[in-house]
1. By how many nm would the segment from A175 to K36 grow when fully extended, if each residue of separation counts as 0.36 nm and the alpha-carbon distance is taken off?
2. What's the longest bit of the chain with no exposed GluC sites (Glu not before Pro), using DSSP loop states and at most 13 other Cβ atoms within 10 Å as the test?
3. Grab the alpha carbons of the range 111-165, take their convex hull, and tell me the volume per residue in Å³.
4. Please sort by residue number the trypsin sites (Lys or Arg not before Pro) in the range 58-158 whose DSSP state is loop and whose Cβ has at most 13 other Cβ atoms within 10 Å.
5. Relative to the longest principal axis of the C-alpha atoms of the chain, give the angle of the C-alpha long axis of helix 238-257, reported between 0 and 90° and rounded to the nearest 10°.
6. If you take every DSSP beta bridge whose two residues both sit in the range 74-169, what share of them, in percent to the nearest 5, is antiparallel?
7. So what is the orientation-averaged projected area of the range 84-140, using the convex hull of its C-alpha atoms, in nm²?
8. Working from Cα positions, state the angle (0 to 90°, nearest 10) between the long axis of helix 2-11 and the longest principal axis of the chain.
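The values are calculated or read from the model by the stated rules, or taken from the named source; none is laboratory data. Since this is a predicted model, take the numbers as computed values, not measurements. When we count neighbours, we look across all protein chains shown, and the Cβ atoms used for this are built from the backbone with ideal geometry, even at glycine. Accessible surface areas use protein heavy atoms only, side chains included; no ligands, DNA or RNA. Shrake-Rupley method; radii C 1.70, N 1.55, O 1.52, S 1.80 Å.
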Amino acid sequence: MGEALLSRLINLSIYEPSQILVSEPQPARQDFLAQKYKVAVTADNSQVFINSEEVVFLAIKPQVFTAIAQELSPYIDQSQSPLVVSILAGVSLSQLEVGFPGLPIIRAMPNTPATVGAGITAICAGAYTKGNHLDTARQLFSAVGEVVEVSESLMDAVTGLSGSGPAYVAIMVEALADGGVAAGLPRAVAQKLALQTVLGTAQLLNETEMSPAELKDRVTSPGGTTIAGVAELEKAAFRSALIQAVKAATNRSQELGN
Ligand SMILES: NC(=O)c1ccc[n+]([C@@H]2O[C@H](COP(=O)([O-])OP(=O)(O)OC[C@H]3O[C@@H](n4cnc5c(N)ncnc54)[C@H](OP(=O)(O)O)[C@@H]3O)[C@@H](O)[C@H]2O)c1
């Protein structure tokens, strides 16, 4: 996820490679990142904090957060106070503020489509975060898709919907393709039809701002094919399954955060 952001921030010229310092423990990855993105690379996390003028971006696994915050604590200079942006799932603003006392903090939850610039990121702001910090965070994450601001209490629900959602949609694409194969289509054709139907429907809903219910009503003619398919989805409790999936993932996110 960190590389996805790095790549697009440079490609969109939001930052020049010369403005970026990446901390990466593995020598092979260091060489790869330096060569591919022409950024400065270090294995010393403290260098990022010491040299940062604007933003320190945390893209480590949540499990190593406490150790890294401890490692960085001697280098926190509140007079310099760079904005700390965290994408760590389940690490709360209060945990981040204990790790980085007095610093402006943004907690963010991007999703996997960010890697192709089609993500959506929810952000929320810590106690020392000002309007200009929020603007910076919005600009950072707009490099990988859409940005919404939410209160922190909604971050678990964001995780359950847009964070976990790509898996639900991937399963739907796979199942639609299986349906096509069951109906006699070659796999490759079925896969293409399924994928483009999901992409195209999302694009149509997005561009026309039509409600999903309205689109469904428009394509279901009386006694027609689509209503026959919709009736089967209702029989199989398709809507309820998706609602329960989002709720279950939200609950799991809450559990993991405790
Ligand atoms: N992937 C997603 O869709 C997604 C969505 C939302 C939020 N997130 C959050 O994004 C964060 C990163 O997830 P990811 O999937 O991108 O994981 P990842 O690929 O494992 O990335 C973690 C990065 O941290 C580096 N790292 C490990 N230990 C380090 C240390 N001591 N100091 C500095 N860097 C260190 C790793 O380097 P090596 O690879 O060399 O070990 C790797 O580059 C997680 O907190 C996750 O919760 C991910």
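1. 46.3 nm
2. The longest uninterrupted stretch comes out as 55-208.
3. Convex hull volume per residue, Cα atoms: 64 Å³.
4. Those that pass, being in a loop and sparsely packed, are K130.
5. Between the helix axis and the principal axis of the chain, the angle is about 20 degrees.
6. For the range 74-169, the DSSP antiparallel bridge percentage is about 35.
7. 3.7 nm²
8. So the helix axis and the longest Cα principal axis differ by about 90 degrees.
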